[in-house]
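Everything on this sheet refers to the single structure shown next.
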Amino acid sequence: MSGRLRLDFWTVVLLGALAIVAALLAWPLSSILQASFLDNRTGEVTLGNYARVLGQPFFRTALVNSLIVGAGGMAGALLLGVPLAVLTTRYVIRGRHLISTLAVLALVSPPFIGAYAWIMMLGRNGLVRHLVEPWGVPVPPIYGFFGIILVFSLKFYPFVFLLTASSLRTLNPSLEEAAEGLGAAPWQRLRRVTLPLVLPAISGGALLTFVLSIADFGTPSIVGGPVRVLATTAYNLFTSEMTGNPGLASATSVVLVTLSMVAITLQRWSVRRRQVAASLLRRPVPRRLGPLASAAAHLACYAIVLASSLPAAVVVYTSFRKTSGPVFHPGFGLDSYARVVREVPHVISNSAMYSIVAVSLITVVGTLVGYILARRETSLAGALDGALLVPYVVPGVVLGLAFVVTFNVPPLPLTGTATIIVLMLFIRRLPYAVRASASILRQIRPSLEEAAVSLGASPPRAFGRITLPLMLPGVVAGLLMSFITALNELSSSLILYVGRTMTMPVRIYLSVLDGEFGPAAALSTILLIVSGAAVYVVFWLSGRNESALL
Amino acid sequence: MARVDLQRISKSYPGLKVLDDVSLSIRSGEFFTLLGPSGCGKTTLLRTVAGFNKQDEGQVLVDGAGIDDVPAHRRNIGMVYQDYAIFPHLTVADNVAFGLLMRGVPRREIVERTGRALDLVQLGGLAARLPHELSGGQQQRVALARAVVVSPRILLMDEPLSNLDAKLRVELRDDIRDLQRSLGITTIYVTHDQEEALVISDRVCIMRAGRVHQIGAPQDIYARPATLFVASFVGAMNVLPDVAIGPRGEVALGSGAPSRLPLAGPSRATLGIRPEDVVLGDPPEDPGIVLGGVVTKVSFAGREAYYRVEVSDGPTLLAHVHRPHERPMAALGERVTLTLPTGRLHAFAPGEERRIEMRQ
């Protein structure tokens, strides 16, 4: 194939994709960058917004708090995820599938479920607090750093766990055997050989948790109490009618994005020149532990996954409790579900419709663009690949603000429409689908399609007959994962919704703020069940390959 | 059955000339091999014939008609890949049937022809299997059946044996050759394995850096390599670089009277001799360059023994001795005499390294 630009089908797709990126990423983000340099009252170009964000104690505290919860969430996720990965891949642990399923369910459950479930357990009237405090066990207040970091750790550790475990599973066992043969004790072997070799996976997971932690909006605004972070500050600056300040909100957003970018750069730099080829022929065999050590290992593994699935259990339990209004009564019933169906049926249909439309778009565009990235190495394709990294580092709050700033006015006044929410879900999740389909395609050798062509199939026919069927399981798995995240999206929807375009996560968030735990739990349970079912299908399609979920 | 003519084909990528004015003709029914190290352009040339690469210049003719404007899927060319390229989601039978299906062949005929093709590659019993249940050798047989079942005008093979182990390679190599003979399909075969090329081909084309170095029957290429590169790439060749040649062909090398080569003209030449032509021990009757040296390595391989001899103030030469067990072997460190019979020497022009013919 020649490297010259020809106006064939794929060139049209490439140009279309670049247009999408320009309209939905470059334009909104440049508006917000522009706004960050404008004075709110005079409209003059100024560095004043940045001076305030970086200089005033009010904002500096938010910045420092973001770093604390980011680092805390990351540390917690590492502390839970790495040991869990090492134990389940290197030693015989019973119920490994159950463990990874529970971890995956924690991953796909709506992000803020953890926040309010922990309030129900550890809050001022919490179940657990009532249970243990009479015995003299001190329970730190859930509102504040403790709550945020607890929720982040338990919510995000599955990323570290799944990435590290998959890297550990494909590590050439000869390396660890060689270390053993050279006299390294088990602990030394782990510290000097195994962990350094899987460092790219560990640090990749750590980075992801850091970026997700500083980007998270729901958790700090529900359990943060007095602790303000950049994401909540930007949101409040933008939405509060009294002190609303788009310039400051934009500057805060830019600082937030910069933090994510610095984190990504650091991670790339730390794993440079580390390329460990996976071994596909020989896999490490888990060893048996002595009875005491084995009991301790089982206890640790199950404690981690059960703690992380506790919020989901609490939510499901709560949803079935008897209520009248916001008051819970003894016994069980479907009152909360009845209230949801009676009061806000449209949020369920909105969520379903927006997610389905967005995911359909994502699937078509993502598959086509993935094909271009995997099979056509032109400079334009490279540029597209780079541009699609952007949504990974831009938090939902920021992109939501950028959309409002950009699409509030002509030429494209979209605020308040369903379209803007669908477009947001689309662009936020598109890169993941592109990556997924490109990586599937890279595993399908181009010679297959060529062989079909040489046997007389026209190129479109060869794609349809050979490549597409081979891609399909991966594409469907990616589609379902996009569906789960679209369904659970809170931060950007919260900025973009109006009454009639409200989605389930937004409704849950507002209910929680109002102390209406019943309907919140009922809606959350619906989200949980749909997400769990989708995960089940993904597992079934991908032959229980957990990395299909990332 | 088809004749293939490649006329002045050139192809460049930015900063790299992959094919540099390549012309060659392949006879109808011939087994023709493109041989060369990786990056020599042989695969690019093959893919140009298949229609997966577009050359910058030149044309491809099949039976005298240009095919450059015919898209790959209409060229009726069978292709076999190094990585087999068996469709993993289709059964063996469906893989083989694929090309017939694309051609709209009636169902009953597809079944019949597929069965025959599978029998031809000795896989008759595996029709219903999925590819992952097959060994590498079996997968490549499926690929072969799939390529020939459509009766292509030309069969192209891109290093089809290089993913297989040594024993299987030899076995399948012979099968490919037998199949090609019995079907009489014009075949272009790409390999970097010189022994494979010599064994399997009617004619071999040796390429390097996008250029053709030599085209010929295997025995001609081995006996009379056209360039120093061909001499070293096909078989082994001892090289005496840049030797001074007197006006009447005298070579002042080694002990004793200067040898005379049947060379006239050049004052300098690079001389070459194959290890099996070097005589170790007592000089033979034939005239030759006689050199003294010390044995620095001995390897006994049964049928032959390989000696490495460091010539005093000269190059290190390899000598292969046949039936080494029938006479006493030289030991490591022993001083030995080497004779390079003049009739067995090859001469190459220094610099451009083309062969200089000796007068017989």
*Take every DSSP beta bridge whose two residues both sit in the protein assembly as shown, then give the antiparallel share in percent to the nearest 5.*
75
*asked:* Rg and Dmax in Å for region B:236-356, alpha carbons only: what are they?
replied: 14.5, 44
*At each listed q (0.13, 0.26, 0.31 Å⁻¹), what is the log10 of I(q)/I(0) that the Debye formula gives for region A:34-86 modelled as equal alpha-carbon point scatterers?*
-0.52, -0.92, -1.03
*What are the residues whose amide H is under 5 Å from the amide H of A:Tyr91, where those residues sit 5 or more places off or on another chain and H is modelled from the backbone?*
A:Arg287
*What number in nm² do you get for region B:129-216 if you take the convex hull of its Cα atoms and divide its surface by four?*
6.7
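Across the residues of A:455-468, average count of Cβ atoms on other protein chains within 10 Å?
5
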*Local electrostatic count, B:Gly41, Cβ distance below 10 Å [Lys/Arg +1, Asp/Glu -1]*: +4
*With Cβ to Cβ distances under 15 Å as the rule, what net charge do the other residues near A:Gly76 carry (K, R +1; D, E -1)?*
0
*Under the definition of partner shielding as Cβ atoms of other protein chains within 10 Å of a residue Cβ, what is the mean value for peptide B:52-65?*
1
*Based on the mean of other beta carbon atoms within 10 Å per residue, what is the order of B:85-91, A:340-346, A:460-466, most packed first?*
B:85-91, A:460-466, A:340-346
*Of the listed peptides A:83-94, A:222-233, what is their order by residue-averaged count of other C-beta atoms within 10 Å, with the highest listed first?*
A:222-233, A:83-94
_Cα-based Rg of region B:86-171 normalised by 2.2 N^0.38 Å, two decimals_ = 1.06
*Pull out a ≥ b ≥ c, the square roots of the eigenvalues of the alpha-carbon gyration tensor of region A:39-191, then state rounded if a/c is under 1.5, prolate if not and a/b is larger than b/c, and oblate in the remaining case.*
oblate
*Amide H neighbours of B:Met207 under 5 Å, counting only residues 5+ apart in sequence or on other chains, H built in-plane at 1.01 Å?*
B:Leu35, B:Gly36, B:His213
*asked:* If the reach is capped at under 15 angstrom between alpha carbons, list the aspartates and glutamates near A:Lys322, excluding any in the same chain fewer than eight residues apart.
replied: A:Asp335, A:Glu516
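Name the longest site-free stretch of chain B, where the excluded sites are GluC sites (Glu not before Pro) in a DSSP loop with no more than 13 other beta-carbon atoms within 10 Å. Intermediate results must be reported in sequence, preceding the final value.
Working: sites that count: B:Glu285, B:Glu334, B:Glu352, B:Glu357.
No qualifying site falls inside B:1-284, the longest such stretch.
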*Before anything else, pin down the relative contact order of region A:80-184: Cα pairs under 8 Å, at least 6 apart, normalised by residue count, whole percent.*
44
_Considering only region B:4-228, percent of DSSP beta bridges that pair antiparallel, nearest 5_ = 50
*Pair-distance profile P(r), taking every C-alpha pair of region A:320-550, with 10 angstrom steps and integer %*: 8, 27, 29, 21, 11, 4, 1, 0
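Using the 2.2 N^0.38 Å rule of thumb for compact globular proteins, work out how region A:164-270 stacks up: its C-alpha Rg over that value, please.
It is 1.61.
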_Taking 25 °C and 0.890 mPa s as the conditions, I'd like the Stokes-Einstein D for region A:315-400 in µm²/s, using the Kirkwood hydrodynamic radius from alpha carbon pairs._
143
*Give the share of C-alpha pairs in each 5 angstrom bin for region A:1-73, from 0 to the last occupied bin, in whole percents, shortest bins first.*
4, 12, 12, 11, 13, 12, 10, 7, 7, 8, 4, 1
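Please average, across the residues of B:79-91, the number of beta carbons from any other chain that are within 10 Å of each residue's own beta carbon, and give a whole number.
Working: counts 6, 2, 6, 1, 5, 4, 10, 3, 10, 6, 7, 3, 0.
Counting Cβ atoms of other protein chains within 10 Å of each residue's Cβ and averaging gives 5.
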*Which number do you get for Rg(Cα) / (2.2 N^0.38 Å) in region A:442-512?*
1.86
*Summing Lys, Arg as +1 and Asp, Glu as -1, what charge do residues with Cβ under 13 Å from the Cβ of A:Val229 carry, A:Val229 excluded?*
+1
*Per-residue ellipticity at 222 nm for chain A, helices alone: DSSP H runs ≥ 4 residues times -39500 (n - 2.57), over residue total, nearest 500 deg cm²/dmol?*
-22500 deg cm²/dmol
*If you project the alpha carbons of region B:68-113 onto their three principal axes, what span does each projection cover, largest first, in Å?*
34, 27, 15
*Taking the alpha carbon gyration tensor of region A:460-548, what are the square roots of 5 times its eigenvalues, largest first, to the nearest whole Å?*
35, 16, 8
*Kirkwood Rh over Cα pairs of region B:150-309 into Stokes-Einstein at 10 °C, 1.306 mPa s: D in µm²/s?*
83
*For the protein assembly as shown, restrict the atom set to alpha-carbon positions and state the Rg and Dmax in Å.*
36.2, 120
_Normalised contact order of chain A, rounded percent, pairs of Cα under 8 Å and 6 or more residues apart_ = 21
*Could you list, bin by bin from short to long, the percent of Cα-Cα pairs of region B:1-144 in 10 Å steps?*
10, 33, 30, 22, 5, 0
*asked:* For B:Lys54, give me every one of the lysines with a C-alpha distance below 28 angstrom, ignoring sequence neighbours fewer than eight places off in its own chain.
replied: B:Lys11, B:Lys17, B:Lys42
*Would you mind estimating how fast chain B diffuses translationally, via Stokes-Einstein at 25 °C and 0.890 mPa s with the Kirkwood radius over Cα pairs, in µm²/s?*
106
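Read the figures in this text as sums done on the coordinates, not as results from a lab. Quantities reported herein were computed from a predicted structural model and do not represent experimental measurements. Counting neighbours? That spans all protein chains shown, and the Cβs are built from the backbone with ideal geometry, glycine included.
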